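K.L.:
First, the structure itself, so that you have it in front of you.
The values are calculated or read from the model by the stated rules, or taken from the named source; none is laboratory data. Bear in mind that the values here come from a model prediction, so they are computed numbers and not experimental data. With ideal geometry, Cβ positions are generated from the backbone for all residues, glycine too; neighbour counts draw on all protein chains shown. Note: accessible area is taken over every heavy atom of the protein model, side chains too, but ligands, DNA and RNA are not part of it. Shrake-Rupley method; radii C 1.70, N 1.55, O 1.52, S 1.80 Å.
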Amino acid sequence: MYQTAVKKIGMFATLFLIFIVAMVGITSAQSWNESDFSAQEFGVDLTLESDGDNMKWTVNLSEIDGHWSTGAQIVINNSSQTFMLGRSPAEGIVYKEYNGGWSAPSGLPDGMNVIGEVNATHYEITVDKDLLGGEGETFCWAANVEATWPEHSSSEQQNFPDDWARWSNPDTNMTCTVIPEETPEQPVPHPQPNFDVPTATPLLTVGILGIALVLFFRREDE
């Protein structure tokens with residue numbers, strides 16, 4: 001009976017460790033590559049993640065040797081308006097609004113940012129969550145990437161989703177995302193020392209205690 005109890009505890013600890021590993025692997029980021037785009041003329045890695053107060057798109061382009069023009073733009077519908085921001089090869093870092101037609105380009109509004117130099121292969125585009133509706137709300141979006149390189153006289157464009165209706169009808173066939181709700185930090189119940197002490201996460205701590213408990217019972221059983 002004692003050995004049975006030990007086996008049960010060991011099984012519980014194993015399952016709990018699997019749960020810990022699974023939890024560590026969970027992330028709020030979503031990723032896509034060129035196979036999810038309308039064309040595969042060059043490589044694309046696209047990621048969307050929650051980044052503090054912002055939603056952040058990261059775009060990496062590849063397999064375009066000798067390129068002399070690149071760009072990345074995100075088109076967003078936040079239920080009240082449709083707008084675009086990103087880097088355009090012709091217009092630079094740009095913001096436009098859509099109302100039956102696209103407005104003239106302008107500078108980025110507060111709460112938006114675009115990182116990526118001219119002819120870059122790495123872009124970061126961020127928008128404040130409040131501009132998208134706030135935590136728990138849904139907004140829809142699409143992405144366009146483009147590049148010009150030898151044997152391509154004009155900019156080759158690839159869009160996500162692959163069936164997005166593009167610039168003349170941008171609200172059609174977008175993908176939609178729910179803005180995640182951030183878990184507030186819990187207050188520390190006891191004063192902390194004035195020096196840094198390495199600490200473990202609660203899940204990791206419990207997991208280590210579980211392993212120690214199993215090893216203890218096995219040692220006693222021997």
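K.L.:
Please compute the length gained on full extension between VAL118 and GLU137, using 0.36 nm multiplied by the number of residues separating them and subtracting their Cα-Cα distance.
P.N.:
So the extension gain works out to 3.5 nm.
K.L.:
How much accessible area per residue does the range 22-108 have, counting only protein heavy atoms and a probe of 1.4 Å, in square angstrom?
P.N.:
Ligands and nucleic acids excluded, the figure is 48 Å² per residue.
K.L.:
Under 25 °C and 0.890 mPa s, how fast does the range 33-185 diffuse according to Stokes-Einstein, given a Kirkwood radius computed over C-alpha pairs? Answer in µm²/s, whole number.
P.N.:
In µm²/s, the coefficient rounds to 156.
K.L.:
For the range 68-123, what % of the accessible area comes from carbon and sulfur atoms, probe 1.4 Å?
P.N.:
48 percent
K.L.:
How charged is the neighbourhood of PHE83? Take every other residue with its Cβ under 12 Å from the Cβ of PHE83, and add Lys/Arg as +1 and Asp/Glu as -1.
P.N.:
Value of the local net charge: -1.
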